[in-house]
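As structure tokens, the structure follows; a few thoughts come after it.
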Amino acid sequence: MERIMITGALGQIGSELVGKMRSIYGNDNVLATDIRQTADQSGPFEILDVTDAQRMHDLAKDFGADTMVHMAALLSATAEEKPLLAWNLNMGGLVNALEASRELGMQFFTPSSIGAFGPSTPKNNTPQDTLQRPTTMYGVNKVAGELLCDYYHTKFGVDTRGVRFPGLISNVAQPGGGTTDYAVDIYYKAIEQGSYTSYIAEGTYMDMMYMPDALQAIVDLMEADPAKLIHRNAFNVTAMSFEPEQIAASIRKHIPDFKMSYAVDPARQEIADSWPDSIDASAAKSEWGFKASYDLDAMTFDMLEKLKKKLQLV
Ligand code: SER
């Protein structure tokens with residue numbers, strides 16, 4: 001990885017990944033692209049609609065990219081509201097990014113998700129290799145994407161790599177249209193209002209990870225010795241699994257009067273209920289040394305500190 005092109009650079013992950021990669025590989029060696037304009041001038045930026053295959057190819061070629069990190073996608077709840085748009089954007093963008101990687105010989109990364117699992121998947125300690133019959137458009141996209149990445153590797157020799165991310169929590173860019181977004185919103189509301197109304201029901205467990213661990217996982221997997229990779233794509237990764245009352249209890253260690261109530265959103269609850277309670281990340285650990293450094297309390301401490309500063313409440 002020396003010259004890296006990132007799509008969806010202004011999204012939930014991209015917003016922080018660009019900075020992380022620029023700090024490691026040099027500002028001028030990371031080309032950020034997104035469908036929206038940015039004010040950030042820390043390095044090269046180009047407008048890109050990922051459904052435009054020719055422009056994606058041309059940008060990567062002109063930049064001399066040796067690596068494509070493809071992040072642009074709709075998240076689960078939005079994809080459920082706009083399934084055809086999700087298909088066109090998530091699958092169209094992915095195949096364009098894979099084609100550009102094949103044509104230009106780029107290493108390739110794209111994230112899959114816990115959304116690639118479905119109601120018939122074992123719910124606890126979900127294995128790396130298991131039943132995947134998701135019931136959401138997002139999940140259909142993710143499973144198809146996992147298979148497509150494997151195909152581009154076995155058929156064309158493209159160095160495709162990827163992980164199945166759990167819900168990601170960060171204090172920089174807010175997610176939009178995801179099912180796990182509550183675990184980000186809750187910290188903002190805890191600071192701003194001292195209370196939160198959760199759209200996910202009490203007792204609903206989902207895997208989660210703090211963004212610094214997610215970014216490090218991307219770098220570690222991309223830098224991993226390919227000889228050690230038995231899987232290449234869609235590695236289960238997770239740092240913690242919790243339900244809403246547990247994140248509320250973690251927040252109360254710092255904001256004792258924090259109040260939690262519920263107004264369950266049936267659409268997002270149904271998606272959450274179809275996903276695992278906890279996944280097994282042992283393949284990622286043994287094949288490329290994945291590890292997460294933040295547990296729930298460490299993440300809560302850091303989130304509250306950073307958000308207080310961001311919201312200028314200190
Ligand atoms: N965080 C994502 C979502 O909720 C899961 O990949 O859609």
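What follows is calculated from the coordinates using simple rules that are stated; it is not laboratory data. Just so you know, these numbers come straight off a predicted model, no measurement behind them. A quick note on method: Cβ atoms are made from the backbone with ideal geometry, for glycine too, and the neighbour counts reach across all protein chains shown.
Structure values in brief
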{"read-out": "Given charges at Cβ of Lys, Arg, Asp, Glu: the stretch 128-211 dipole, positive-most of I186, T197, Q132", "value": "Q132"}
{"read-out": "Value of relative contact order over the stretch 211-312, rounded to a whole percent, pairs C-alpha under 8 Å and six or more apart", "value": "47"}
{"read-out": "Relative contact order %, the chain, counting alpha carbon pairs below 8 Å whose residues are six or more apart", "value": "18"}
{"read-out": "GNM top mover of E192, E80, E146 - the chain, alpha-carbon springs below 10 Å", "value": "E192"}
{"read-out": "Packing-based exposure ordering (other Cβ within 10 Å, fewest first) of W275, W87", "value": "W87, W275"}
{"read-out": "Along each principal axis, Cα extent of the chain, largest first, Å", "value": "56, 45, 38"}
{"read-out": "D295 versus N27: modelled label distance in nm, points set 7 Å from Cα along the beta carbon direction", "value": "4.0"}
{"read-out": "Sparsely packed trypsin sites (Lys or Arg not before Pro) within the stretch 219-303, loop by DSSP, other Cβ within 10 Å at most 14", "value": "K253, K291"}
{"read-out": "Estimated inter-spin distance, T51 and Q193, nm [label 7 Å along Cα→Cβ]", "value": "3.4"}
{"read-out": "For the stretch 182-261, alpha-carbon Rg over 2.2 N^0.38 Å", "value": "1.43"}
{"read-out": "Net charge, M211 excluded, C-beta distance under 11 Å - Lys, Arg +1, Asp, Glu -1", "value": "-1"}
{"read-out": "Area projected by the alpha carbon convex hull of the stretch 60-136, averaged over all directions, nm²", "value": "6.2"}
{"read-out": "Modelled FRET efficiency - R0 45 Å, E81 with A227, Cβ distances, 0.05 increments", "value": "0.55"}
{"read-out": "Net lengthening on full extension, L131/V172 (0.36 nm per residue, minus Cα-Cα)", "value": "11.3 nm"}
{"read-out": "Between the stretch 9-44 and the stretch 138-180, the alpha-carbon center distance in angstrom", "value": "19"}
{"read-out": "For the stretch 158-223, alpha-carbon Rg and Dmax in angstrom", "value": "14.3, 49"}
{"read-out": "Per-residue Cβ neighbour rank within 10 angstrom, fewest leading, I247, I191", "value": "I191, I247"}
{"read-out": "Point-to-point label distance, I255-D273, nm (Cα→Cβ direction, 7 Å offset)", "value": "2.9"}
{"read-out": "Local electrostatic count, W87, Cβ distance below 15 Å [Lys/Arg +1, Asp/Glu -1]", "value": "0"}
{"read-out": "Residue among M91, Y25, L74 farthest towards the positive dipole end of the chain, charges placed on Cβ", "value": "Y25"}
{"read-out": "Dipole in debye (nearest 20) - the chain, about Cα centre, beta carbon charges: Lys, Arg +1; Asp, Glu -1", "value": "160"}
{"read-out": "L31 long-range amide H proximity, modeled H, under 5 Å", "value": "I4, M5, I6"}
{"read-out": "Leading residue at positive end of dipole, the stretch 1-160 (Cβ point charges), from L147, I6, L59", "value": "L147"}
{"read-out": "Rounded to whole Å, sorted largest first: equivalent-ellipsoid semi-axes of the stretch 1-96, Cα gyration tensor", "value": "23, 15, 11"}
{"read-out": "Fewest-first sequence of I4, I255 by Cβ atoms within 10 Å of each Cβ", "value": "I255, I4"}
{"read-out": "Protection proxy ranking of 64-71, 201-208 - average other beta-carbon atoms within 10 Å, highest first", "value": "64-71, 201-208"}
